[in-house]
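A.B. asks: Below is a structure I'd like to ask you about.
The values are calculated or read from the model by the stated rules, or taken from the named source; none is laboratory data. Note that the coordinates shown come from a computational prediction; the quantities given were computed from them, not determined experimentally. Note: ideal-geometry Cβ built from the backbone for every residue, glycine included; neighbour counts use all protein chains shown.
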């Protein structure tokens, strides 16, 4: 309806003035009650005419009494006190609740997906808190470290004072593989390796050290090859055949007057006075054997070299024999030099000295095919060469740890990277691997 349209409501009968219905507009309603038209008053009509001006809003009319329906207008009866309004039916209620639930569920799901798609400040804060707690524990342990057996970029092993009451230092090791996302691990003594931090993107250790040079432990040093024992100028020389029933030998133990006391000695070479015997096709062995309690050759062969008779000098002369793997002997140990027949009736002729000689810790040996015999005042004509190993002072560089810095990052966000540092109390020495 437009504003110029008029609605006429006519009662069935012509009530008296006091019985006329009372209309009260609700909202934006501008009723206009017009007096009776002159033409109808002249005709004697007594029914009043009600004309309303309607604005483009919803009109609500309340009546004190019931008015019959005429035309398109329905008058609503005024509610009396105590009367109830019409409620929702069960179907309407169920449908409204279901629709509301689906709508709220969809909104909640969309908000949850959106919150997970964009990293929030709480995730970063969680990583920072975890990293801070771990670094606090590491700093506390580094503060009293005693030694550092292992110092690497992504790992560190160190000892701390006794915590278990066994008077032994405790060993702690932190390590990270260097691969983003791998955990930071910790191992206590020989226990199991446990994860300290998950999803680690950085764990770097910086060491502030002071390098000095100081005296190190004594270092064994082998000296040059030298003649250690010899009988090179015979007093009463005599030649002896070397065959299956006659072997020759020499026991000797050097007397060391060196300072410092030698650690060990090695027989590297011997020279014997020898020449071929007969056809020069024989062979013999030059052996170093460990002596028994009587300083006689035992069955233990320390080194040996095979000698072809044809290689000996044509006339009696020196023949050198070098041992490729010389045995290492203690300064208090001696050794037996043995010339053992291998082939041909006579494999060589060697010279020995009948003496009498007075050489300490030296005696000639002879084997008759069954037993060995000692000749204390005699000796082979020989020279024994050896190297002597002694302990010598050494200088070595040493690093002392002044402080340790640790950088850690939990998660992929670079904003969660943390750093801490600690000054060592004991200034421990970094032990080289």
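A.B. asks: Under the condition of being touching a helix residue (DSSP H, G or I) at 6+ places or on another chain (Cβ under 7 Å) and surrounded by fewer than 18 Cβ atoms within 10 Å (Cβ to Cβ), which residue from the range 243-292 is modelled with the lowest pLDDT?
C.D. replies: The residue in question is 280.
A.B. asks: Checking residue 171 against (1) touching a residue at least 40 places away in the same chain (Cβ under 8 Å); (2) surrounded by 12 or more Cβ atoms within 10 Å (Cβ to Cβ), only one condition comes out false. Which one?
C.D. replies: It fails just one condition, (1).
A.B. asks: Further question on the same structure: Tell me yes or no: at least one residue of the range 298-314 is buried (at least 17 other Cβ atoms within 10 Å of the Cβ) and in contact (Cβ under 8 Å) with a residue 60 or more places away in the chain.
C.D. replies: no
A.B. asks: Then there is this: Going by the conditions given, is residue 73 surrounded by 11 or more Cβ atoms within 10 Å (Cβ to Cβ), modelled with pLDDT under 90 and either over 23 Å from residue 201 (Cβ atoms) or out of contact with any strand residue (DSSP E or B) (no Cβ under 9 Å at 6 or more places or on another chain) (or both)?
C.D. replies: So residue 73 passes the test.
A.B. asks: Given (1) over 23 Å from the mean Cα position of the chain (by Cα); (2) within 30 Å of residue 176 (Cβ to Cβ), where does residue 420 come up short, assuming only one miss?
C.D. replies: Condition not satisfied by residue 420: (1).
A.B. asks: So residue 263 ticks every box in (1) part of a loop (DSSP other than H, G, I, E, B); (2) within 30 Å of residue 393 (Cβ to Cβ) but one. Which box is left unticked?
C.D. replies: Going through (1) part of a loop (DSSP other than H, G, I, E, B); (2) within 30 Å of residue 393 (Cβ to Cβ) one by one, residue 263 breaks only (1).
A.B. asks: Given the options 123, 206, 162, 166, name the one that is surrounded by fewer than 18 Cβ atoms within 10 Å (Cβ to Cβ), at pLDDT 90 or above and either within 21 Å of the chain's Cα centre (by Cα) or under 19 Å from residue 411 (Cα atoms) (or both).
C.D. replies: Just one listed residue meets the conditions, 206.
A.B. asks: Could I ask something else about it? Inside the range 328-343, can you point out the residues that are surrounded by fewer than 19 Cβ atoms within 10 Å (Cβ to Cβ) and over 16 Å from residue 248 (Cα atoms)?
C.D. replies: Answer for the range 328-343, where residues must be surrounded by fewer than 19 Cβ atoms within 10 Å (Cβ to Cβ) and over 16 Å from residue 248 (Cα atoms): 328, 330, 331, 332, 333, 334.
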